[in-house]
Amino acid sequence: MKVLVINCGSSSLKFQLIETETNDVLAKGLCERIGIEGSNFEYKKGDGEKTGTLTEMKNHKDAVALVIKALTDPETGVVSSLDEIDAVGHRTVHGGEKFKSAVRINEDVIKAIEEVSDLAPLHNPACITGIRACQELMPNLPHVGVFDTAFHQTMKPEAFLYAIPYEYYDKYKVRRYGFHGTSHDYVSKRAAELLGKDRKDLKIIVCHLGNGASVSAVENGECVDTSMGLTPLEGLIMGTRSGDLDPAVISYLMGKENLSCEEVTDILNKKSGVLGMTGVSSDFRDIGKAAAEGNEKAENALKAYALRVAKYIGSYAAAMNGVDAIAFTAGIGENDADVRERICGYLTFLGTELDKDKNKTARGKETIISKPEGKPVLMVVPTNEELAIAMQTVALIKG
Ligand code: AMP
């Protein structure tokens, strides 16, 4: 089946058309600066060259129209008409407590996504705009919502409740939701397949280490804990996000720097993480280079980053009373051998040992990077959120 996967931001729209029989990406692209001067449309057909065109896009509907035109164009296209596409899968960030798996989108679903927009104000409204534009221009296709939060909905109260007055959970649903769920689900499935075992018989820790980063504990195929919380700010140190800190830091900084709560929250989201710790960059390639050149702040940031990941792995091994496999994924997890080595240096107490040679050459492909005699198995498993969305979309429409 052919599934068009759509991932909308407030001024961007990423897409991939995927053939799910073969997992081939038939075409993909990106609409940038939607509604802003200098909008750009990037498009790539299969293995072809990427093209970029400055094209006015006043809104998401213009962007979707361009996507459809490119996909069906006699020269650049990959289908002769929309009739050849079977469904549209929409990446949706926050599904609150309502959505525990992918759903066929209708007005009630859109209303429910709107209701939790407070929890993801940058993402959910953009997603709804994208869904509405797609529904308008592709009215005959089934539209499916795939939620970042859904995979984590199996967490029990002891994992998702915060130790604050219960009334805030009752009134406002303040709790841990977790994000990157599509990736944690996909990677834990692939990890089990690589081990030749059923995911239902395994305890797996997935470390999704990208610009945003989170760890999850997957026991018998279900998520039992994850490091991101009410919002994607909690947990690991990230590119620009602080992750865990003493909540009192917020009021302390507000007082000392005469900042509003929003301003401090903005600092914790956009100016913290390894960027804030080093002043160098949010990109781990730059941080690694600076550390190698003797920049002490960069070295400390890498050490702090690895320690935080290792502490989560240790706590999730405790939460599951054991761990069979630890999988590294996303930009840093798939590519940064130095960061993986730093993290795995803390894990020998579990009974595993990194094969440093295998680790050095493992880059962007599925690889076991631990020595054969040890357990848990350490592995690199590239994530593929678009493929996972396409697969969930197909599973849903096939019933
Ligand atoms: P993602 O959010 O999964 O796209 O990951 C993006 C991050 O991965 C970038 O900000 C980099 O810090 C990191 N990254 C990507 N490629 C590499 C690489 N080859 N070596 C180290 N870090 C990388």
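The values are calculated or read from the model by the stated rules, or taken from the named source; none is laboratory data. These figures come from a predicted structure and were not determined experimentally. Glycine also receives a Cβ, built like all others from the backbone with ideal geometry; neighbour counts cover every protein chain displayed.
Just to verify a result, which residue in the stretch 197-240, among those that are within 16 Å of the ligand (Cβ to nearest atom) and β-branched (V, I, T), is nearest to Y186 (Cα to Cα)? Ranking the candidates gives V206 first.
Of all residues in the stretch 154-192, those that are closer than 15 Å to V218 by Cβ and over 21 Å from the mean Cα position of the chain (by Cα) total 1.
Is it true that S80 is in a loop (DSSP other than H, G, I, E, B), touching a helix residue (DSSP H, G or I) at 6+ places or on another chain (Cβ under 6 Å) and surrounded by fewer than 19 Cβ atoms within 10 Å (Cβ to Cβ)? First the steps, then the outcome.
Numbers: in a loop (DSSP other than H, G, I, E, B): yes; touching a helix residue (DSSP H, G or I) at 6+ places or on another chain (Cβ under 6 Å): no; surrounded by fewer than 19 Cβ atoms within 10 Å (Cβ to Cβ): yes.
The answer is no for S80.
Taking the stretch 232-284 as the range and being in contact (Cβ under 8 Å) with a residue 24 or more places away in the chain and among the basic types (K, R) as the test, the residues that pass are R241, K270, K271. Residues in the stretch 188-228 that are hydrophobic (A, V, I, L, M, F, W, C), within 25 Å of L302 (Cα to Cα) and assigned to a strand (DSSP E or B): I204, I205, V206, C207, L209, A213, V215, A217.
Look through the stretch 315-337, keep the residues that are away from the ligand (no atom under 16 Å from the Cβ) and assigned to a helix (DSSP H, G or I), and return whichever of them is surrounded by the fewest Cβ atoms within 10 Å (Cβ to Cβ). My answer is A318.
Tell me whether the stretch 249-258 contains one or more residues that are surrounded by 14 or more Cβ atoms within 10 Å (Cβ to Cβ) and within 16 Å of the ligand (Cβ to nearest atom).
Taking the stretch 249-258 and keeping what is surrounded by 14 or more Cβ atoms within 10 Å (Cβ to Cβ), we get 250, 253-254.
Filter again for within 16 Å of the ligand (Cβ to nearest atom), leaving none.
Within the stretch 249-258, none of the residues are surrounded by 14 or more Cβ atoms within 10 Å (Cβ to Cβ) and within 16 Å of the ligand (Cβ to nearest atom).
Evaluated against (1) within 18 Å of V215 (Cβ to Cβ); (2) in contact (Cβ under 8 Å) with a residue 40 or more places away in the chain; (3) not in a strand (DSSP E or B), K375 falls short on exactly one condition, (1). Taken together, the residues in the stretch 338-364 that are more than 16 Å from the ligand (Cβ to nearest atom) and in a loop (DSSP other than H, G, I, E, B) amount to 7.
How many of the residues in the stretch 171-196 are under 19 Å from A120 (Cα atoms) and more than 16 Å from the ligand (Cβ to nearest atom)? Step through it out loud before you land on a result.
Of the residues in the stretch 171-196, the ones under 19 Å from A120 (Cα atoms) are 171-183.
Next, from what is left, pick out any that are more than 16 Å from the ligand (Cβ to nearest atom): 171-178.
So the count comes out to 8.
Within 15 Å of the ligand (Cβ to nearest atom) and within 25 Å of G210 (Cβ to Cβ): is that true of T367 in this structure? Spelling it out, T367 is indeed within 15 Å of the ligand (Cβ to nearest atom) and within 25 Å of G210 (Cβ to Cβ). Can you find even one residue in the stretch 287-294 that is more than 16 Å from the ligand (Cβ to nearest atom), surrounded by fewer than 17 Cβ atoms within 10 Å (Cβ to Cβ), in a helix (DSSP H, G or I) and at pLDDT 95 or above? No, there is no match, as no residue in the stretch 287-294 is more than 16 Å from the ligand (Cβ to nearest atom), surrounded by fewer than 17 Cβ atoms within 10 Å (Cβ to Cβ), in a helix (DSSP H, G or I) and at pLDDT 95 or above. Of everything in the stretch 259-286 that is small (G, A, S) and exposed (fewer than 14 other Cβ atoms within 10 Å of the Cβ), the residue that is nearest to the ligand (Cβ to nearest atom) is G279. Quick one: in the stretch 42-76, of everything that is over 25 Å from A126 (Cβ atoms) and free of Cβ contacts under 8 Å to residues at least 24 places away in the same chain, which residue is surrounded by the most Cβ atoms within 10 Å (Cβ to Cβ)? Selected residue: D73. Between Y305, Y312, the distinction of being aromatic (F, W, Y), more than 13 Å from the ligand (Cβ to nearest atom) and in contact with a strand residue (DSSP E or B) (Cβ under 9 Å, 6 or more places away or on another chain) belongs to Y312 only.
Conditions (1) over 18 Å from E386 (Cβ atoms); (2) modelled with pLDDT of 95 or more, marked per residue:
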| position | (1), (2) |
| --- | --- |
| D86 | no, yes |
| D108 | yes, yes |
| L119 | yes, no |
| A133 | yes, yes |
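Among the conditions (1) under 30 Å from E19 (Cα atoms); (2) surrounded by fewer than 16 Cβ atoms within 10 Å (Cβ to Cβ); (3) within 16 Å of the ligand (Cβ to nearest atom), N384 misses just one, which is (2).
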